[in-house]
Amino acid sequence: MLSAALGLLALAGCDGGGGGGSPSSSGGGIVAAPSPTPTPVVFTDGDAVRLAKQASFGATPDMVSRIKTLGATGWVDEQLAASTSTYADLAVEVRRDFCVSTDTICNRAHFSRTPVAMRFYANAIAGSDQLRQRVAFALGQMVVASEAEVNSTAGIAAFNQIFLTNAFGNYRDILSQVTMLGYMGDYLDMADSNKSGPSENYARELLQLFSMGPDALNMDGSLKRDSAGAAIPNYTTDDIKGVAKALTGWTYARVGGAAITDGNARDYSKPMITVATRYDTTQKSFLGTSVAAGAAQDASVAAVVDAAFNNPSTAPFVARHMIVHLVTANPSPAYVGRIAAVFADNGSGKRGDMKAVVRAILLDSEARSAPTTTSGKLKEPVLLMTALARAIGFTTDGYVFTTRDTSLGQPVFRAPSVFNFYPDDFPLPGSTTLKSPASKLLNTSNVLRWHNFVYDWTVSGDATRSEYALDSGLPMSSLTQPLWASWEAYGSDLDAMVSRIDLVLFANTLSQAQKDALKAAATPITNTDVNIQARRRAQMMLYVAASSPMFLVDR
């Protein structure tokens with residue numbers, strides 16, 4: 001079986017053909033002449049799959065058909081209007097002593113990421129608002145809080161609901177709501193920050209990671225430099241101290257209106273509440289802004305959020321992050337500049353309009369033209385799992401994904417630190433110029449785990465697989481089932497199976513040699529039961545295809 005996979009790996013460098021961009025036409029020369037009739041732009045199945053990879057959790061035949069019907073602009077606009085996913089029903093906090101310590105079922109339901117992660121994966125596989133979910137996922141990898149530090153199911157749900165709600169809203173609202181949420185208040189220590197010793201943790205990460213970044217940027221994302229060629233810092237130690245002072249005097253809301261001295265009643269799902277005696281009422285200065293002595297606490301927070309949001313570097317900083325997580329790890333400066341300009345002004349004088357930003361990212365010429373040798377990005381484990389499951393066809397409550405993502409190096413909602421699972425600028429191994437963020441997760445052990453995962457869910461992925469079964473210790477669990485019936489329906493038609501694999505996994509870029517390699521891997525598999533034979537053949541070809549570098553890199 002492994003030899004079959006290696007056969008396709010060896011072919012991965014072959015010319016896959018197929019492609020993407022719209023043809024160009026050239027005008028006349030010195031002698032005036034009628035311009036040639038432009039070649040009509042044809043939006044192909046391959047173009048549709050490429051958009052699906054950028055804007056969803058994996059292409060499916062139905063999605064490709066829908067994109068083809070509406071075109072790129074029509075489909076993106078339809079997705080921008082979609083809103084079905086939610087975590088709001090999970091964002092109901094309980095007291096920290098609600099569960100007996102030995103009650104693992106209760107504790108997992110209320111004090112772990114599991115219910116929220118299950119919802120995330122279930123929606124990623126079957127939800128209709130795919131683009132909203134992908135954008136929320138990208139936002140949550142820049143503005144990070146994690147179960148690794150704060151194990152509140154309701155808090156995790158409320159935190160990630162902010163990204164779902166505001167995925168196509170305004171970035172200032174994201175910063176404002178995240179700043180005030182009790183879950184973030186615990187994670188980065190803004191909660192209970194006192195004027196006698198203001199915590200600088202949230203202040204620092206707000207500036208460094210959630211908005212402007214450490215160094216001043218030009219609109220194209222390049223560093224601004226001083227006369228000596230050195231990078232220009234966006235903020236100083238004094239700026240951080242000023243922000244920290246402005247953010248003092250807040251504590252958690254309490255479950256059931258309990259006293260603020262009741263540590264077991266912290267409500268991580270709600271905005272924090274004021275404790276006036278802990279608030280620094282003196283004048284505060286930061287980032288060229290001053291907050292007058294005696295200003296209300298809300299006014300101090302608003303001044304901080306405005307200063308971060310309106311910093312000139314925030315537009316390119318956010319623009320590049322979103323491009324990297326949706327489209328390509330190596331966007332051109334011009335691409336970053338175009339999107340940053342939309343962030344700065346959506347065309348109607350509004351700054352931070354995420355709907356306009358996302359639309360511009362996906363419809364930009366650099367996203368929609370034919371892929372180049374430096375375009376695209378490595379799939380991260382979450383997208384590897386969801387893309388494979390959607391390509392096969394799955395129904396799921398999401399639980400099986402939560403048991404897999406930790407071993408694959410990316411347990412969703414449990415980033416190891418505020419710096420996420422990987423930085424946006426992680427270098428491509430062997431290159432001095434190119435970036436490959438998700439490559440940080442590719443060590444020897446993880447490569448084998450990724451490969452074994454693909455094998456388990458393809459060759460060994462019958463519906464009776466034990467990990468797909470109900471979990472008796474998880475009341476919210478239902479079931480996971482791969483839908484092999486649609487593959488069994490192909491019978492002995494290997495060409496039809498290969499065509500589907502070529503479409504949803506490779507955007508119709510396989511060469512004939514690669515298609516033949518897939519069929520060669522499947523043909524020796526026989527069974528007297530035609531359905532079993534068809535399923536086994538499909539499973540083998542999917543294993544060979546999904547373990548290849550052509551599938552692991554989205555271009």
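The values are calculated or read from the model by the stated rules, or taken from the named source; none is laboratory data. Since we're looking at a predicted model, the values are computed, not measured. Because the Cβ atoms are built from the backbone with ideal geometry, glycine has one as well, and the counts that use them run over all protein chains shown. Surface areas here come from the heavy atoms of the whole protein model, side chains and all, with no ligands, DNA or RNA. Shrake-Rupley method; radii C 1.70, N 1.55, O 1.52, S 1.80 Å.
For segment 350-392, rounded, prolate or oblate, judged on the Cα gyration tensor with a ≥ b ≥ c (square roots of eigenvalues), a/c < 1.5 rounded, else prolate if a/b > b/c?
Working: a/c = 2.59, a/b = 1.48, b/c = 1.75.
Verdict is oblate for segment 350-392.
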Legend entry - Long-range amide H partners of T395 with built H, under 5 Å: Q481, L483
Inset, instruction - On a 0 to 90° scale, report how tilted helix 297-310 is relative to the longest principal axis of the chain, with both axes built from alpha carbons and the result rounded to the nearest 10. - result: 40 degrees
Inset, instruction - Once you've got the Cα coordinates, tell me which of K53/K515; K379/K515; K245/K379 are over 30 Å apart. - result: K245/K379
Inset, instruction - With θ set to phi - 60°, apply the Karplus curve 6.51 cos²θ - 1.76 cosθ + 1.60 along segment 330-338 and write out the HN-Hα couplings as whole Hz, x wherever there is a Gly or Pro. - result: 10, x, 5, x, 5, 4, 4, x, 5
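In Å³ and rounded to a whole number, note down the convex hull volume per residue for the Cα atoms of segment 112-187. Intermediate results must be reported in sequence, preceding the final value.
Working: hull volume 5.7 nm³, N = 76.
Spelled out: Cα convex hull of segment 112-187, divided by residues, is 76 Å³.
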Legend entry - Probe 1.4 Å, all protein chains present, accessible-area order of E200, E205, largest first: E200, E205
Legend entry - Cα centre as origin, Lys/Arg/Asp/Glu Cβ charges: the chain dipole, Debye: 340 debye
Inset, instruction - Starting from the amide H of S193, placed 1.01 Å from N in the peptide plane, find each other amide H under 5 Å away whose residue is 5 or more places distant or on another chain. - result: G249, W250
Legend entry - Extreme residue, positive dipole direction of segment 211-294, given options G221, N264, A293 (C-beta unit charges): N264
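Output the peptides 95-101, 122-128 sorted from most to least packed, where packing is the average of other Cβ atoms within 10 Å over each peptide's residues.
Numbers: 95-101: 13.3, 122-128: 19.9.
Final packing ranking: 122-128, 95-101.
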Inset, instruction - Give me the distance in nm between label points sitting 7 Å out from Cα along the Cα-to-Cβ direction at S196 and A520, one decimal. - result: 7.6 nm
Legend entry - Inter-probe distance in nm under a simple model that places probes 7 Å from Cα toward Cβ, at A485 and R449: 3.5 nm
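Is the shape of segment 174-288 best called rounded, prolate or oblate, per the rule: a/c under 1.5 gives rounded, else a/b larger than b/c gives prolate, else oblate, with a ≥ b ≥ c the square roots of the Cα gyration tensor eigenvalues?
Working: a/c = 3.63, a/b = 2.10, b/c = 1.73.
Because a/c hits 1.5 or more and a/b exceeds b/c, segment 174-288 counts as prolate.
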Legend entry - Greater than 31 Å apart at Cα, pairs in K224/K270; K224/K377; K224/K440; K435/K519; K68/K440: K224/K270; K435/K519; K68/K440
Legend entry - Dipole-positive endmost among G182, F57, C106 within segment 49-206 (Cβ charges, Cα centre): F57
Inset, instruction - For a quick protection proxy, order the peptides 401-413, 64-76 by their average other-Cβ count within 10 Å, most packed first. - result: 401-413, 64-76
Inset, instruction - Return, for the Cα atoms of segment 438-555, the radius of gyration and Dmax in Å, separated by a comma. - result: 15.8, 49
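Beyond 27 Å, how much of the Cα-Cα pair distribution for segment 268-422 remains, as a whole percent? Show your work: numbers first, answer last.
Numbers: 5912 of 11935 pairs.
Tail fraction, whole percent: 50.
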Legend entry - Relative packing of peptides 510-516, 55-61 - highest average C-beta neighbours within 10 Å first: 55-61, 510-516
Legend entry - 0 to 90° range, to nearest 10: angle between helix 237-246 axis and the chain longest Cα axis: 70 degrees
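Please report Rg over Rh for the chain, where both radii come from the alpha carbon positions and Rh follows the Kirkwood definition. If you can, show how the numbers build up before the last one.
Details: Rg = 25.3 Å, Rh = 25.2 Å.
Answer for the chain: 1.00.
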Legend entry - Å³ per residue enclosed by the Cα convex hull of segment 226-281: 119 Å³
Inset, instruction - Just name one of Q410, A308, A391: the one whose Cα is farthest towards the positive end of the charge dipole of segment 298-412 (beta-carbon charges, Lys/Arg +1, Asp/Glu -1). - result: A391
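Within segment 192-298, which chymotrypsin sites (Phe, Trp or Tyr not before Pro) sit in a loop by DSSP and count at most 14 neighbouring Cβ atoms inside 10 Å?
Details: sites: Y202, F210, Y235, W250, Y252, Y268, Y279, F286; in loops: F210, Y235, Y252, Y268, Y279.
In loop regions of segment 192-298 (DSSP not H, G, I, E or B), there are no sparsely surrounded chymotrypsin sites (Phe, Trp or Tyr not before Pro).
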Legend entry - Rg to Rh quotient for segment 300-381, alpha carbon positions, Kirkwood Rh: 1.03
Inset, instruction - Please report the relative contact order for the chain, taking Cα pairs under 8 Å with a sequence separation of at least 6, and give it as a percent rounded to a whole number. - result: 20 percent
Legend entry - Candidates per trypsin sites (Lys or Arg not before Pro) in segment 164-267, loop by DSSP, up to 15 other Cβ within 10 Å: K195, K224
